[in-house]
Structure formats: C-alpha cells, structure tokens
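Everything on this sheet refers to the single structure shown next.
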Amino acid sequence: MTETQELAVRDKKELVSKEEKTVPGRFYVPYADIYETDDALTVAMEMAGVEKKDLSVALEDDVLRVEGRIDFGKYEGMEPVYTEYNVGPYARAFALSSKIDQEKISAQLEDGVLTLTLPKAKQAEPRRIAIG
Amino acid sequence: MIMDPFDALSSLQQALDAFRASDWLTTGPSGGGGYPLLNVFRKGDDFVIVAEAPGVRKSDLTVEVKGRTIRLAGTKSVAYPEKASLHRRERLGGRFDRAVTLPVEIDADGVKAEWRDGVLAVFLPRAERDKPKSIPVA
C-alpha cells in the first residue's frame, strides 16, 4: 500500500527539449501515470499551480501535447527568503500507439492533477475472433 | 510601458534560485522528512509558505501551528482502476509529515491556509511585538 510508506522527496524535472522554446525561462516536465483499460487510455499528470484556463491539450498526428502555464502574477510583492523549488510552465508530449477517438477526449483537473481520458477508436478495440 | 510576461517569469525563476536552501529556515523539532518541498516569501511585514503537493486531497492535509513551528502533514494516494494495464508509473504516493521553524515570531491566531490547484499557501502574520519599529532620528 502506498499510503503507509513515507513519501519521497523529488526535485521537479526540468524540460530538456530537442526543439527549443522561443521564450526564455525554464519549463518543467510533469510526472505522469499512464494506464490502459479495454476502452480507454488514461494519462494523469501532476501540474501543481496550473489553473484550468491556463491549460492546453492538443492531439495531432497521434502525438498528445500538454502545456500548462503558471500565473506568476500571484508572486507579485512576494520576496523569497528561503526556497527549495522553482516554478515555471509545464510541457510534455506523448506519441500514442492506440487510435484515439479525438471527439471523446475528456479532461479533469483536480488538486493540481490533470487526468485525460482518451477513449480508443472503435476499430482499435480488441475484437474477439470466433474460431470455427 | 508594456511588461513582457516572460521577463517577469525569468526574473521570478532567478529570484527563486538565489535563495535556494538559504539558512533562513531551520528544521523543526517534530516531524521529519522533506516532503513537501517549500518556498518561503516575505510579503510586507508578513510571511507566506508555499508548497506544491499535487494529488493530495484537502481532507487529507493537516496544517498545524505551534509557536514559531509550522507542521504540514498528510497522505497522498495514487490509485488506478483494477483492470488497467500500467504503461508508465511516475507519480508517488505515501505519507508525509514535515515541520519547520521560522526565525521570527508569528501571530498564531492569525495564520491562514489556502489550498488550490495542488498548491498550499500558509499566510503567517508577523507578531506585532516582533515587527521592526522605525526610530525617528532626532
């Protein structure tokens, strides 16, 4: 059970991208869980501090791209005195192997975790073949 | 004047780097462990502790103040449906309990905590008796 063990500390992972970003500043890679059921693929990503309006999710050519911006206006008038982590926008992309029904993708943002449910396209669902 | 928001981001990131693990904060006597990572800011006379703990539910989070010590404790659970096949598993779950002691006196009754989008902000008003007084120069 995960609940009984002590939660390990991890630094945020900085994004090292092949394609350079056009804006200065560091991006972070959200920690993600991906699991598949018979009818959908689910991606859960930790993006603390991102509000719904600052999220963008796009699926193009079987590549799922997620970006989340941080409203750093909240830090106005705040002077750091002691810090352990940095803040910045999040970005991550996945190449999907299953065919996804784009129209039915749903997203939920709760407590800083973005959960994307990507229903598989009908033809990609496993089909039972009757043996004659 | 047009403010470039990305300049603001860059300078915030630089400011946060400059105070990385400064000796301003000491580890509290109770509660070990380093989760969640936190940042401390000065805002006017007061202080704000900000911590990221995405995936923790508000009901699973405890914030306690005693004297100058703040304790953040809770549980983060990461769950999957039973029949799912896992492709990638990076998120960690578990218990956490962390206490830190501030080098300034705070007004314990005035402490407020806010939980939003996986970010905890604890507002710590500085005790009246601890505020710097300006001395008029005669």
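Readers should treat all values here as calculations from the given coordinates under stated rules, not as data from a laboratory. As the structure is a computational prediction, the values presented were derived from the model and not from experiment. Backbone-built Cβ (ideal geometry, glycine too); neighbour counts: all protein chains shown.
Summary table
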item: Residue of B:LEU120, B:LEU12, B:LEU37 that the Gaussian network model of chain B assigns the largest fluctuation, springs spanning Cα pairs under 10 Å; result: B:LEU12
item: With at most 15 other Cβ atoms within 10 Å, longest stretch of chain B clear of loop GluC sites (Glu not before Pro) (DSSP); result: B:1-81
item: Distance in nm between pseudo-label sites at B:GLU114 and B:SER22 (7 Å out along the Cβ direction from Cα); result: 2.2 nm
item: Cα-based equivalent ellipsoid, region A:26-124: semi-axes from gyration tensor eigenvalues, Å; result: 31, 12, 11
item: Charge dipole (debye, nearest 20) of region B:13-138; +1 at Cβ of Lys and Arg, -1 at Cβ of Asp and Glu; result: 320 debye
item: Debye, to nearest 20: dipole size of region A:26-124, +1 on Lys, Arg Cβ, -1 on Asp, Glu Cβ; result: 220 debye
item: Options B:GLN14, B:GLY118, B:ALA79, ranked by Cα towards positive dipole end of chain B, top entry (Cβ charges); result: B:ALA79
item: Gaussian network model of chain B, Cα within-10 Å springs - most flexible of B:LYS43, B:LYS58, B:LYS83; result: B:LYS83
item: Sequence-separation-based contact order of chain B, relative, with Cα cut under 8 Å and 6+ spacing, percent; result: 27 percent
item: Region A:42-98 versus region B:69-121: alpha-carbon centroid distance in Å; result: 18 Å
item: Per DSSP, loop trypsin sites (Lys or Arg not before Pro) in region A:42-132 with at most 11 further Cβ within 10 Å; result: A:ARG127, A:ARG128
item: Rel. contact order, % - alpha carbon contacts under 8 angstrom, at least six apart, region A:26-124; result: 34 percent
item: Selection from A:VAL29, A:MET78, A:ALA93, by position along the positive dipole direction of region A:26-124 (Cβ); result: A:ALA93
item: Distance violations [Cα-Cα > 18 Å] among A:LYS120/B:LYS83; B:LYS43/B:LYS112; A:LYS52/B:LYS112; B:LYS58/B:LYS112; A:LYS74/B:LYS131; B:LYS43/B:LYS131; result: A:LYS52/B:LYS112; A:LYS74/B:LYS131
item: Region B:96-135, dipole about Cα centre (Lys/Arg Cβ +1, Asp/Glu Cβ -1), debye to the nearest 20; result: 160 debye
item: Fluctuation leader among B:ASP109, B:ASP17, B:ASP117 - chain B, Gaussian network, Cα springs under 10 angstrom; result: B:ASP17
item: Environment charge of A:LYS52, counting only residues whose C-beta is closer than 11 Å and scoring Lys/Arg +1, Asp/Glu -1; result: -3
item: Helix B:5-18 axis, angle to chain B major axis (alpha carbon atoms, nearest 10°); result: 80 degrees
item: Residue order, fewest to most beta carbons within 10 Å, for A:VAL9, A:VAL81; result: A:VAL9, A:VAL81
item: Calculated log₁₀ intensity ratio I(q)/I(0) where the Debye formula runs over C-alpha points of the protein assembly as shown, q = 0.11 Å⁻¹; result: -0.70
item: For region B:8-138, diffusion coefficient by Stokes-Einstein and Kirkwood Rh (Cα), 4 °C, 1.567 mPa s, µm²/s; result: 77 µm²/s
